[in-house]
1. Any residue that is farther than 25 Å from L40 by Cα, buried (at least 16 other Cβ atoms within 10 Å of the Cβ) and under 19 Å from the mean Cα position of the chain (by Cα) - is there at least one of those in the range 275-285?
2. For K442, only one of the following conditions fails: (1) surrounded by fewer than 22 Cβ atoms within 10 Å (Cβ to Cβ); (2) in a strand (DSSP E or B); (3) in contact with a Ser or Thr (Cβ under 6 Å, 6 or more places away or on another chain). What is its number?
3. Can you pull out the residues in the range 135-157 that are among the acidic types (D, E) and assigned to a strand (DSSP E or B)?
4. How many residues, within the range 158-196, are in a strand (DSSP E or B) and either under 24 Å from Y271 (Cβ atoms) or among the β-branched types (V, I, T) (or both)?
5. I'd like the residue in the range 463-497 that is without any contact (Cβ under 8 Å) to a residue 40 or more places away in the chain and away from the ligand (no atom under 16 Å from the Cβ) and, out of all such residues, is surrounded by the most Cβ atoms within 10 Å (Cβ to Cβ).
6. For the range 227-259, which positions are assigned to a loop (DSSP other than H, G, I, E, B), crowded, with 19+ Cβ neighbours inside 10 Å and away from the ligand (no atom under 13 Å from the Cβ)?
7. Which condition number in (1) modelled with pLDDT of 60 or more; (2) buried (at least 16 other Cβ atoms within 10 Å of the Cβ) is the one that S11 fails?
8. Does the range 397-416 hold any residues that are among the polar types (S, T, N, Q) and either part of a helix (DSSP H, G or I) or closer than 19 Å to K442 by Cβ (or both), and which are they?
Amino acid sequence: MNRRSFLRLSSLALTGILTQSCNPAGSKAYDISIKSDMQLGHLIFESASFPEGNIFSTDYLVVGGGVAGLSAACQIHNRDFVLCELSEDLGGSSSSQSYAGEIFSQGAHYDLAYPDYYGQETLRFLEKLGVIFYDANAGLWDFVDSQYLIEAQVESQTLTETGFREQVLEQGKLKEDFLKLLFPYLSEMKMPTRLISEKLRLLNKISFTGFLHRSLVLTSSFKKGIDYQMKDDYGADADKVSALAGIHYYMCRPYYTEDVSLFSPPEGNYYFIKKMADTLPEENIRTSHLVRSISKTGKRFDVQVINIKNETVDVYRAQKVIYAGQKHALKYVFAPDGHLFSNNEYAPWLIINFVLNDKIKSDPFWQNEFLTEDLHFMGFTDNASQIRRKGGYRIFTAYYCFDSTQRILLASITDRAQAIVAETIKTISLYFDQDISNQVEKIFIRVMGHAMSIPKINYLFNDKNLHRSEPNMVYAGVDNSRLPLLFEALDSGIQAVGELDHV
Ligand SMILES: Cc1cc2nc3c(=O)[nH]c(=O)nc-3n(C[C@H](O)[C@H](O)[C@H](O)COP(=O)(O)OP(=O)(O)OC[C@H]3O[C@@H](n4cnc5c(N)ncnc54)[C@H](O)[C@@H]3O)c2cc1C
């Protein structure tokens, strides 16, 4: 079987596996640990019978320990606050996992040097955390821990149905015309996107495909490359995301004229989580604490929190609330504002870490992108291209991004995990032209049902804090009208505290 027909078969097989009722019998069994945020409904249901726990009072309650929640907490680190995170670990979609002393990303895994026209508050915050410094020669904010920069020659390789190539977008006249069309927007595509000028905001009202079709005739293979890149960063293709989001992807940094550093520590963007958490008092951070409901009593908020380990329901009496959890569940937690986020659409992601005894003979690439028939499989990263422990394990991290309508198929992941893993190993083996199945020692799977809020038409420039029902309860997180990116999440936390300070 040649590479091309194998890839087609392989991708079709995965879609089939997702609809199968259980794992196939008789095949090799891998050692798999699964973490899924899709079992929370069950926990909330079960908590109805949990006894009452303690009553606490605090000035600020922060809901969610992802980038946005921690960024907010850092702004109030010397005030009276408590942060509740439902998972055992901080990080949200910027989480990590570890095995035998090796740490690796289980979600967001990189960022790039920042131009000096980006939001000053966030730049200063990252500088204060000791993460970035200003490189006056380059005119860019670069990373202090330069050992985690990825060298250009190992950055990426793309597998297409006709073979390998260096970049996702095909080189040629069409790419030149495409970039020529986008170049005028360079330096206008700021981050956070709230800083983008009024005159460009019309681009939020049309699709990226619609915008491109006005000036270019796209071939199907070039369009596939654009769709892949939109899905990789935004969770949906170019027909769905806005022109502003699309242009922003290519023009938010001077990628084509400067050397923009690519920063990817072994633990991915958990690096930023750790930097923030290290500045906060440990006793104020409560993991395995799920905020079940928020209600207003007089001037204060009564917040019911499930203490998952103790199996009790605690009550936090808070003066102010910063809600940095995903907003799809807000209708259950705080019904008066649930409607504000009813148009959000989330892409589900499935992440699989493969821990391998490293006997693969091949030059490593940091990002191994798959432009095959089925665009759900985005490819995998390889820690051999990053700095790593001497003699440590080789880790491949594979990414699947599904359509929101397919979320339900991920709910019973346990029943299908072996089959999904076997299929992914088959695909990666093909990439290396060698069977890697015998080198796999351990596997971690992470299911994020509401991983990424898609920047559809009209999604941006729509800050829901302007319409919130309670002045003392604000919203942070990338799913409040922002691009799903680290810098936006950091800024959202800073702005949320600013909003409360202005009440
Ligand atoms: C697979 C993937 C890869 C990505 N890669 C990158 C990348 O490389 N670079 C980049 O810049 N961005 C990337 N992103 C985008 C990334 O999502 C953001 O950069 C950022 O991590 C989002 O942070 P957040 O705090 O807004 O949301 P989240 O990370 O979703 O955090 C929300 C937190 O709130 C918690 N929570 C929710 N409800 C409750 C509740 N009721 N009680 C208590 N806790 C609650 C959740 O458990 C979670 O920890 C990626 C996203 C995904 C899904």
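The values are calculated or read from the model by the stated rules, or taken from the named source; none is laboratory data. Keep in mind the model is a prediction, meaning the values are calculated, not measured. Positions of Cβ are generated from backbone atoms using ideal geometry, with glycine treated the same way; all protein chains shown enter the neighbour counts.
1. Looking through the range 275-285, at least one residue is farther than 25 Å from L40 by Cα, buried (at least 16 other Cβ atoms within 10 Å of the Cβ) and under 19 Å from the mean Cα position of the chain (by Cα).
2. (3)
3. Listed by number, the residues that qualify are D135, D142.
4. The qualifying residues number 2.
5. P471
6. D237, A238, K240
7. (1)
8. Answer for the range 397-416, where residues must be among the polar types (S, T, N, Q) and either part of a helix (DSSP H, G or I) or closer than 19 Å to K442 by Cβ (or both): T397, S404, T405, Q406, T414.
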